[in-house]
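Below is one structure, written out as structure tokens; comments come after it.
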Amino acid sequence: MAAIDFRTASVKTSFSIISMIAAVVSWNDCRMTRNSLNKLTTRELDDIGLVRGDIEAIATGTLIR
């Protein structure tokens, strides 16, 4: 007869320091991207194939083309 090992995954209820640091780094990357793209002129954005409305989606990484 084979033994069956049931293991359950425990869910962490608190944030670890690493996940908090990762969240801050991600937020800062979005902020820097947003600020850099907002400094470009409309013509410069057009040269790279973007419009002002795309900036937020690019900063958050949700732009789908």
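Since every read-out is calculated from the coordinates, none of them should be taken as a lab result. Just so it is clear, the model here is predicted, and its values are computed rather than measured. Positions of Cβ are generated from backbone atoms using ideal geometry, with glycine treated the same way; all protein chains shown enter the neighbour counts.
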Cβ-Cβ FRET estimate between K39 and I64, R0 fixed at 25 Å, reported to 0.05: 0.55
Quick check: convex hull of the Cα atoms in region 17-60, volume per residue, rounded to a whole Å³? 52
Rank the residues S16, S26 as a footprinting-exposure proxy: fewest other Cβ atoms within 10 Å of their Cβ go first. S16, S26
Taking the number of other C-beta atoms within 10 Å as the exposure measure, put R65, R52 in order starting with the fewest. R65, R52
